[in-house]
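Only one structure is covered here, and it is reproduced in the block below.
Here, each number is a calculation from the coordinates, and none is a lab measurement. Just so it is clear, the structure is predicted and the values come from calculations on it, not from any experiment. Backbone-built Cβ (ideal geometry, glycine too); neighbour counts: all protein chains shown.
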Ligand SMILES: [Zn+2]
């Protein structure tokens with residue numbers, strides 16, 4: 001019985017349903033899921049350019065009033081650039097952007 005409830009709680013669910021409500025300060029409205037399951041890469045500066053370093057997955061959230069968007073990432077990267085299978089993960093998850101910040 002305990003095992004069943006643990007399995008139920010760990011079933012895959014959109015991140016946006018598991019977290020607290022996100023609020024658009026400007027509009028005083030909640031952010032809603034715009035796309036469940038998106039990916040992005042975190043960059044690192046290499047010779048005055050940003051190169052992909054880590055791959056993250058998450059949900060794209062948006063304010064329905066002003067269009068403000070943010071990505072709510074899952075905890076921790078899916079893959080890191082030094083791993084041999086990094087290109088496969090990138091091909092599979094198709095990151096929508098490279099974050100040029102660290
Ligand atoms: Zn807004």
The Rg/Rh figure for segment 15-99, Cα atoms and Kirkwood Rh, to two decimals is 1.05
Residue 49-residue 85 FRET efficiency (beta carbon distance; Förster radius 30 Å; 0.05 resolution): 0.80
